[in-house]
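Shown next, in structure tokens, is the structure this report addresses.
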Amino acid sequence: MEAGRLLVSLDPELVRIILLSLRVTGTALFFSTLIGIPLGAWLGHRRFFGRRLIIAFLYTGMGLPPVVVGLVIYLLLSHSGPLGSLSWLFTPRAMILAQIVISLPQVAGFTMAAVMGVDPALRQQVLALGATERQATFAVLVEARLGVLVSIVAGFGAIISEVGAVMLVGGNIKDSTRVLTTAIVLQTRQGNFDAAIALGLVLIGIAFFVNLAMLKLQGGSIES
Amino acid sequence: MSDSPITGFAYQADHLTKVYNSRAVLGVDSLEIRRGEIFGLVGPSGSGKSTLLRLLGFLEPPTSGEILFGERLRVIDSDVVPIDVRRRVTMVFQHPVLLSRTVFANVAYGLRIRNHSDVTQRVEAVLKEVRLDHLTGARARTLSGGERQRVALARAIVLEPDVLLLDEPTANLDPFNVGLIERIVTGLNQDRGMTIVLVTHNVFQARRLAHRAGLLLDGRLIEAANAATFFSEPSDARTAAFVRGDMVC
């Protein structure tokens with residue numbers, strides 16, 4: 001009941017938390033996609049010495065515990081750490097950085113798998129039609145578009161519901177670094193279960209609608 | 001077919017080799033392809049025909065040797081072939097892989113990456129030429145083998161290249177599609193003066209279409225001559241055996 005009232009009344013703090021969650025996750029996903037798709041495409045079609053090792057690192061990255069990522073980012077950004085001069089610790093920037101580290105292997109790994117699933121002859125055939133290397137890579141990515149969309153969905157899924165890393169590097173500071181997941185933890189610890197449920201519903205709702213949008217994109221690419 | 005109608009060279013290859021994983025698959029001492037001719041390259045499976053075609057299409061660099069293209073460009077490493085030169089050559093593969101889009105989008109692909117303005121007109125004209133104008137909006141995956149090969153041919157010829165490389169373009173096709181593709185190839189050469197290199201293991205097809213022909217055996221060019229000589233009075237016993245249809249070792 002209380003959960004429903006909180007949602008309907010659009011509590012200002014709740015709105016701030018939602019917007020920050022979207023900003024942090026959206027920005028992290030943007031950079032993960034920007035780096036991860038070209039990286040996955042490159043790994044998917046190039047053969048070079050050390051490729052297996054890079055892929056092994058990538059697969060390991062796909063299974064990294066977020067709390068460990070948070071710990072490493074924390075140590076890097078702490079005052080005595082190598083990146084301490086940036087003063088990013090306990091800011092949204094630190095949370096974005098941690099989420100990039102978590103989602104990048106997902107996006108790159110699934111993109112690589114999708115590109116490897118495309119007939120290798122396609123690349124040579126579009127090159128034979130006069131495509132540049134970049135145009136050929138793009139053509140292969142378009143062919144692998146369903147898998148590439150899945151990679152973005154996987155990257156999003158890995159960070160929207162993530163709590164360990166953002167808690168460590170963000171600190172769950174009110175009006176500054178508090179996001180949906182860390183707020184749920186706090187409300188639960190304080191015994192405010194209605195608020196925790198309301199936040200949980202919002203989180204699930206966001207995940208549902210984002211995935212629904214992706215599904216629509218996938219459907220469109222199948223039909224077009 | 002009579003002798004090549006136009007003088008000048010499209011390609012001159014010299015001491016061309018290709019090695020994959022320490023295995024030499026090609027070793028052509030000398031090959032000349034004249035501008036405006038149909039050159040038929042015959043030979044059994046695994047003789048290096050497709051490899052040679054990929055080198056001529058600048059899709060792979062030779063391991064050693066050089067290719068003189070259009071009497072100007074020397075190619076040792078295909079990575080340095082300028083894109084505008086590479087775009088003067090297109091290739092149709094034995095097993096065409098089409099983009100998972102419509103027939104129109106497949107044929108328009110090469111024009112779009114070149115930022116052509118008259119894409120629709122040119123695509124429609126070519127689709128009519130290959131008799132696929134009724135399938136413009138069809139999905140590529142729904143096509144038959146013959147239709148797929150005609151789409152592959154259409155997306156290459158719509159670009160109006162100087163040189164068209166054809167790798168077994170009618171293998172496993174029915175007589176209707178074979179006849180249609182052969183008529184189109186002949187028309188491209190006669191009407192537009194397009195240089196065509198036709199790789200085929202079908203001696204009869206090479207005899208029907210080529211002005212000149214060459215036999216590739218174990219990666220080596222055994223003989224290259226005008227069609228009349230090559231098919232009727234070959235100078236090499238292996239060419240004579242291959243043309244007769246005898247087993248060649």
Filter result (part of a helix (DSSP H, G or I) and within 10 Å of chain A (Cβ to nearest Cβ)) within region B:108-125: B:Tyr109, B:Gly110, B:Leu111, B:Arg112, B:Ile113
Based on this model, can you work out whether B:Val158 counts as under 23 Å from B:Leu216 (Cα atoms) and aliphatic (A, V, I, L, M)? no
Looking at region B:80-99, is at least one residue more than 10 Å from chain A (Cβ to nearest Cβ), open to solvent by less than 20 Å² (accessible area, probe 1.4 Å) and touching a Phe, Trp or Tyr at 6+ places or on another chain (Cβ under 6 Å)? yes
Return the residue satisfying two criteria in turn: it lies in region A:73-95 and is free of Cβ contacts under 8 Å to residues at least 12 places away in the same chain and not in a loop (DSSP other than H, G, I, E, B), and of such residues it is nearest to A:Gly155 (Cα to Cα). A:Arg93
Hits in region B:71-88 (condition: modelled with pLDDT under 90 and under 19 Å from B:Leu166 (Cβ atoms)): none
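If you take the residues of region A:45-99 that are of a type in the set (Ser, Thr, Tyr) and more than 19 Å from the chain's Cα centre (by Cα), which of them is least open to solvent (accessible area, probe 1.4 Å)?
Just the residues of region A:45-99 that are of a type in the set (Ser, Thr, Tyr), to begin with: A:59-60, A:74, A:78, A:80, A:85, A:87, A:91.
Remaining after also requiring more than 19 Å from the chain's Cα centre (by Cα): A:78, A:80, A:85, A:87.
Details: A:Ser78: 19, A:Ser80: 116, A:Ser85: 108, A:Ser87: 77 Å².
Applying the filter and picking the extreme gives A:Ser78.
Yes or no, residue by residue, for (1) of a type in the set (A, V, I, L, M); (2) touching a strand residue (DSSP E or B) at 6+ places or on another chain (Cβ under 8 Å):
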site: B:Leu153; (1), (2): yes, yes
site: B:Ala156; (1), (2): yes, yes
site: B:Pro175; (1), (2): no, no
site: B:Arg183; (1), (2): no, no
site: B:Val199; (1), (2): yes, yes
site: B:Arg212; (1), (2): no, yes
site: B:Glu223; (1), (2): no, yes
site: B:Arg238; (1), (2): no, yes
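One line per residue, one yes/no per condition, for (1) part of a loop (DSSP other than H, G, I, E, B); (2) in contact with a strand residue (DSSP E or B) (Cβ under 6 Å, 6 or more places away or on another chain):
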| site | (1), (2) |
| --- | --- |
| B:Ser50 | no, yes |
| B:Leu55 | no, no |
| B:Glu66 | no, yes |
| B:Asp84 | no, no |
| B:Met91 | no, yes |
| B:Gln94 | yes, yes |
| B:Leu98 | yes, no |
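To keep it simple, each residue is scored yes or no on (1) free of Cβ contacts under 8 Å to residues at least 60 places away in the same chain; (2) more than 7 Å from chain B (Cβ to nearest Cβ); (3) open to solvent by 30 Å² or more (accessible area, probe 1.4 Å).
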{"position": "A:Gln106", "(1), (2), (3)": "no, yes, no"}
{"position": "A:Val115", "(1), (2), (3)": "no, yes, no"}
{"position": "A:Leu122", "(1), (2), (3)": "yes, no, no"}
{"position": "A:Leu127", "(1), (2), (3)": "yes, no, no"}
{"position": "A:Arg134", "(1), (2), (3)": "yes, yes, yes"}
{"position": "A:Phe138", "(1), (2), (3)": "yes, yes, yes"}
{"position": "A:Gly147", "(1), (2), (3)": "yes, yes, no"}
{"position": "A:Ile152", "(1), (2), (3)": "no, yes, no"}
B:Ile157 vs. criteria within 19 Å of the chain's Cα centre (by Cα), among the aliphatic types (A, V, I, L, M), within 30 Å of B:Gly8 (Cβ to Cβ) and more than 14 Å from chain A (Cβ to nearest Cβ): no
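The values are calculated or read from the model by the stated rules, or taken from the named source; none is laboratory data. Note that the structure is predicted; figures quoted are calculated from it, not measured. As a convention, Cβ positions derive from the backbone with ideal geometry for all residues, glycine included, and neighbour counts pool all protein chains shown. Ligands, DNA and RNA are stripped out before the accessible areas are found, and what is left, the full protein with its side chains, is counted by its heavy atoms. Shrake-Rupley method; radii C 1.70, N 1.55, O 1.52, S 1.80 Å.
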